[in-house]
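All remarks here apply to the structure that follows.
The values are calculated or read from the model by the stated rules, or taken from the named source; none is laboratory data. From a predicted model like this one, the values you see are computed outputs, not experimental measurements. When we count neighbours, we look across all protein chains shown, and the Cβ atoms used for this are built from the backbone with ideal geometry, even at glycine.
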Amino acid sequence: MKLAPVLHVILFLGVIAAGVDASSAAEKQRPNVLFIISDDLNNFLGCYGDPRAKTPNIDRLAERGVRFERAYCQYPLCGPSRNSMLTGLYPNSTGIHANQQIFRQTIPSHHSLSQAFRLEGYFAARIGKLYHYNVPKSVGTNGHDDPGSWELELNPAGVDRLEEEPKIFTLTPGQFGGTLSWFASPKGDDQHTDGMMAIDAEWVLERCAQRKDRPFFLAVGYFRPHTPYVAPRPYFDEYPVSEMPLIEGVAEDQADVPPPGLASYKREQDKLTDELRRECKQAYYASISFMDAQVGRVVDSLDRLGLADNTIIVFTSDHGYHMGEHGLWQKMSLFEESARVPLLIVAPGAAKAGSVVTAPVGLIDLYPTLTELCGVTAPDNLQGQSLAPMLQDSSIQGRGWALTQVRRGRGRRAGGAFFGYSLRTPRWRYTEWDEGREGRELYDHQSDPNEITNLAGDPAHEATIAKLSEQLHEAVQSTYPASGQSPEIDPGLWAPNLTDP
Ligand SMILES: [Ca+2]
């Protein structure tokens, strides 16, 4: 019986250990979420290898978390993309294919991403643009927001909205949101909308830090670099106009693209000279760096308040953006530049910091990812995949493709409107316009990362095209609701503007 006291000690220690485990598990709060989205931001970021971009704060997030090299929007336009991302459903299941609409008009009982968190006790707050807003006209209002998604909504408006519009250079007088337009502002960061949003976010985080009993879902939606590219002057000075590159060989590149592939071009862009193209690029980069500084400010607050260890950070954009590639500007194309988005996820304890995932993923995947990471119940009809396994092991391939769609044609729903669908696999981009009736495109990213040579007419690739076409049609099928019924928006509500006002 000599061993008995030792056993007692072991048992006693075991009880203490179990007790500590149980209490720490009880005290361990569900993770918070800081969801940061930029508007009309492409991959002009240092962490994505851009040679000019000065984006130290976003780059820092990439080092702290996982960078998704091939992330894509489901629709290269604010409203449809954001509705899809925040419902976890493809546009064919939200019924939202244009701006000025919200999924409550089509699938009112569906729970949005932040609503799912709210239903389980999270404090959910929105600052700025999460659902669609007209930029700049809705800045300072709720835009086309969904009130059911949030407990707190903040809509600051800075000098960019309230004072400086008359000074903005624009290709079409009086137009700012859908047209190339820019202004180097003499006012400082704190007087601009995005700067005010960072200050508001800091204030919300301070409040959250005091409420230990309730986890938060804080969504911060910056308006830059959306047109008009208005940012404080010092950010413009970081990008000398003379150093802004021009795209060469556009006419040769366009020769093999079917017309719908280039239909996002706007006639007003004929007014662009090389000097204006350079100024435009400078202003876009300046707006990105200004927005990057506001990201840094919010992340610094999270660190300062001791919240970072238990907060998942997402950084992304609603779609990509052209700066002259293929002769195109802005969004609404199915080329890589318009479909691709930056996507960074920092998840303390659930992600391998500094890793890079190359599997194609979509914004549609964020809803199931965040609910899984936080143990929040998700609706059972979500159409994306959880990226949580990829955060731990970057070699996991998941679904293996991403799908982006866009509407073409001038009519309302009948009378000539059709969709283009583009499938991105690790190697290929394959696009069908109206199921091929209006053209096909095939680009080999192994040898042609800029998508210059359309291989769709090349007999040597017939087998590849047949296989990708089958894969694309299966993918499109998966974008509809399981019931087979596609939600339709009331035609009276359908807004014919295909681009962003
Ligand atoms: Ca081409």
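Some values worked out for this structure:
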read-out: Residue in region 211-219 that is surrounded by 15 or more Cβ atoms within 10 Å (Cβ to Cβ) and under 23 Å from MET332 (Cβ atoms) present; value: no
read-out: Qualifying positions in region 226-267 - touching an Asp or Glu at 6+ places or on another chain (Cβ under 9 Å), within 12 Å of the ligand (Cβ to nearest atom) and in a helix (DSSP H, G or I); value: VAL250, ASP253, GLY261
read-out: Per-region count, region 450-473, residues free of Cβ contacts under 8 Å to residues at least 60 places away in the same chain and either in contact with a helix residue (DSSP H, G or I) (Cβ under 6 Å, 6 or more places away or on another chain) or more than 13 Å from the ligand (Cβ to nearest atom) (or both); value: 14
read-out: Residue match in region 167-182 (condition: part of a helix (DSSP H, G or I), modelled with pLDDT of 95 or more and in the same structural domain as SER287 (by TED's automatic domain parsing)); value: yes
read-out: Hits in region 322-335 - residues which are more than 13 Å from the ligand (Cβ to nearest atom) and of a type in the set (D, E, K, R); value: LYS331
read-out: Pairs with Cβ under 8 Å, 6+ apart, first in region 108-122 and more than 14 Å from LEU86 (Cβ to Cβ), second surrounded by 23 or more Cβ atoms within 10 Å (Cβ to Cβ) and hydroxyl-bearing (Ser, Thr, Tyr); value: TYR122/SER114
read-out: Region 336-359 - residue that is over 16 Å from the mean Cα position of the chain (by Cα) and of a type in the set (A, V, I, L, M, F, W, C) and, of those, nearest to the ligand (Cβ to nearest atom); value: ALA359
read-out: Meets criteria (without any contact (Cβ under 8 Å) to a residue 12 or more places away in the chain and of a type in the set (A, V, I, L, M)) for ALA417; value: yes
read-out: Any hit, region 273-281, residues being assigned to a helix (DSSP H, G or I) and of a type in the set (A, V, I, L, M); value: yes
read-out: Subset of region 118-144 [under 20 Å from VAL298 (Cβ atoms) and charged (D, E, K, R)]; value: ARG126, LYS129
read-out: All positions within region 345-386 that are touching a Lys or Arg at 6+ places or on another chain (Cβ under 9 Å) and closer than 16 Å to THR94 by Cβ; value: GLY362, LEU363, ASP365, GLY384
read-out: Residues located in region 441-475, provided they are among the small types (Gly, Ala, Ser) and modelled with pLDDT of 95 or more; value: SER447, ALA456, ALA460, ALA463, ALA466, SER469, ALA475
read-out: Unique match (being closer than 20 Å to ILE36 by Cβ and of a type in the set (S, T, N, Q)) among THR404, THR369; value: THR369
read-out: Filter pass, LEU403 being farther than 24 Å from LEU302 by Cα, part of a strand (DSSP E or B), touching a Ser or Thr at 6+ places or on another chain (Cβ under 9 Å) and not polar (S, T, N, Q); value: yes
read-out: Scan of region 386-411 for residues that are more than 18 Å from SER355 (Cα to Cα), buried (at least 20 other Cβ atoms within 10 Å of the Cβ) and not β-branched (Val, Ile, Thr), ordered by number; value: TRP401, ALA402, LEU403, GLN405, ARG408
read-out: Lone qualifier among ASP270, ASP303, ASP318, ASP292 - being away from the ligand (no atom under 16 Å from the Cβ), closer than 30 Å to LYS167 by Cα, without any contact (Cβ under 8 Å) to a residue 12 or more places away in the chain and among the acidic types (Asp, Glu); value: ASP270
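Here is a yes/no grid of residues against (1) crowded, with 20+ Cβ neighbours inside 10 Å; (2) touching a Phe, Trp or Tyr at 6+ places or on another chain (Cβ under 8 Å); (3) in contact (Cβ under 8 Å) with a residue 60 or more places away in the chain:
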| position | (1), (2), (3) |
| --- | --- |
| ALA209 | no, no, yes |
| ARG224 | yes, yes, yes |
| PRO228 | yes, yes, yes |
| PRO240 | no, no, no |
| GLU252 | no, no, no |
| PRO259 | no, no, yes |
